[in-house]
Amino acid sequence: MMLFKSSLTVVCLFALAVEARAVEIPPEHHPWGRLQPGSWSRVRVVTETFGGGKSSSEISIITTTLVRVEEDGVVLTREAKTGDEVTREENVKYAWDGTRSDPNTQEKYSLGEVDVDGKTYACQTHIRTTKDEVADREVKSWYSPDQSPYFLKRLTRVTGESPETTSMRVIRLAVTQTVLDKPLVCWQSETKFSSASDKATTTGYYSIEIPGGLVSSDSEVIHPQQGTKQRLRQELIEYEVIR
């Protein structure tokens with residue numbers, strides 16, 4: 001009985017220690033957090049839309065700039081140019097898991113594991129829940145402090161009138177891609193999106209050496225009855241790193 005009580009105490013103390021460490025994600029574990037303000041990346045987005053026997057194509061250029069790094073995330077500014085139309089998002093804060101900062105968000109932590117390429121990695125699981133009048137959003141991320149790209153899996157659930165689920169997981173850790181005429185070791189991820197009307201799959205390549213991480217990605221949106229509704233290709237075309 002004393003042995004059980006002692007073991008339980010050790011487990012509880014270990015859990016508390018994990019929870020205390022969970023919020024202390026080093027900025028260098030994030031593709032933006034490891035850089036200095038002024039670093040930026042530029043991505044070309046080609047969107048093909050299908051419907052009614054017709055198709056159309058649109059090209060956007062999105063430039064994202066790092067404004068500052070904070071203890072719990074980064075502040076970014078984005079400019080999107082499509083033809084002559086330009087839109088900007090100024091000084092938006094994102095947490096380390098990629099979600100927008102929200103004062104209504106509650107966090108909790110636990111332990112978990114993720115399999116990548118046949119190997120299992122111990123992870124801290126970060127669960128961020130945001131509730132409002134329209135919908136509740138829960139984002140669960142699996143963070144491995146010992147293995148780049150660190151956030152190995154993410155599951156987002158939105159409830160309410162328009163429920164949807166997004167699941168991302170890293171499927172390969174070391175894939176060489178040619179990035180602006182230079183070979184670069186990247187990780188590959190797969191993201192699946194599902195809602196009442198659409199499903200989408202995205203395969204992407206990312207590198208910790210690129211501001212924001214994105215090298216390229218390909219997405220396809222499918223309607224259950226209508227088939228392919230949209231294809232989207234994102235590709236890095238320019239960037240600047242300030243160490």
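The values are calculated or read from the model by the stated rules, or taken from the named source; none is laboratory data. Just so we're clear, the structure is a prediction, and the values are computed from it rather than from any experiment. So basically every Cβ, Gly included, is an ideal-geometry build from the backbone, and we count neighbours across all protein chains shown.
In table form, for the structure just shown:
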{"quantity": "The range 11-54, residues that are of a type in the set (Ser, Thr, Tyr) and either at pLDDT below 95 or under 28 Å from Pro145 (Cα atoms) (or both)", "calculated": "Ser39, Ser41"}
{"quantity": "Scope the range 218-243; condition in a loop (DSSP other than H, G, I, E, B) and either in contact (Cβ under 8 Å) with a residue 12 or more places away in the chain or in contact with a Cys (Cβ under 6 Å, 6 or more places away or on another chain) (or both); matching residues", "calculated": "Pro224, Gln226, Val241, Ile242, Arg243"}
{"quantity": "One residue from Glu58, Glu79, Glu89 being crowded, with 16+ Cβ neighbours inside 10 Å and over 22 Å from His29 (Cα atoms)", "calculated": "Glu79"}
{"quantity": "Residue match in the range 110-131 (condition: touching a His at 6+ places or on another chain (Cβ under 8 Å), surrounded by 15 or more Cβ atoms within 10 Å (Cβ to Cβ) and over 22 Å from Arg44 (Cβ atoms))", "calculated": "no"}
{"quantity": "Those residues of the range 172-192 which are of a type in the set (Val, Ile, Thr) and under 12 Å from Tyr206 (Cα atoms), in sequence order", "calculated": "Val175, Thr176, Thr178, Val179, Val185"}
{"quantity": "Any chance Ser162 is surrounded by 13 or more Cβ atoms within 10 Å (Cβ to Cβ) and among the hydroxyl-bearing types (Ser, Thr, Tyr)", "calculated": "no"}
{"quantity": "Selection count, the range 199-209, where residues are of a type in the set (A, V, I, L, M, F, W, C) and outside any strand (DSSP E or B)", "calculated": "1"}
{"quantity": "Residues of the range 118-150 satisfying the condition of being among the charged types (D, E, K, R) and not in a strand (DSSP E or B)", "calculated": "Asp132, Glu133, Asp146"}
{"quantity": "Residue check for Tyr206: surrounded by 19 or more Cβ atoms within 10 Å (Cβ to Cβ), hydroxyl-bearing (Ser, Thr, Tyr) and in contact with a Cys (Cβ under 7 Å, 6 or more places away or on another chain)", "calculated": "yes"}
{"quantity": "Search result, residues across the range 33-75 that are part of a strand (DSSP E or B), free of Cβ contacts under 8 Å to residues at least 60 places away in the same chain and closer than 14 Å to Tyr94 by Cβ", "calculated": "Thr65, Val67, Arg68, Val69, Glu70, Gly73, Val74, Val75"}
{"quantity": "Among (1) of a type outside the set (Asp, Glu); (2) in a loop (DSSP other than H, G, I, E, B); (3) closer than 26 Å to Ala200 by Cα, the one test that Pro103 misses", "calculated": "(3)"}
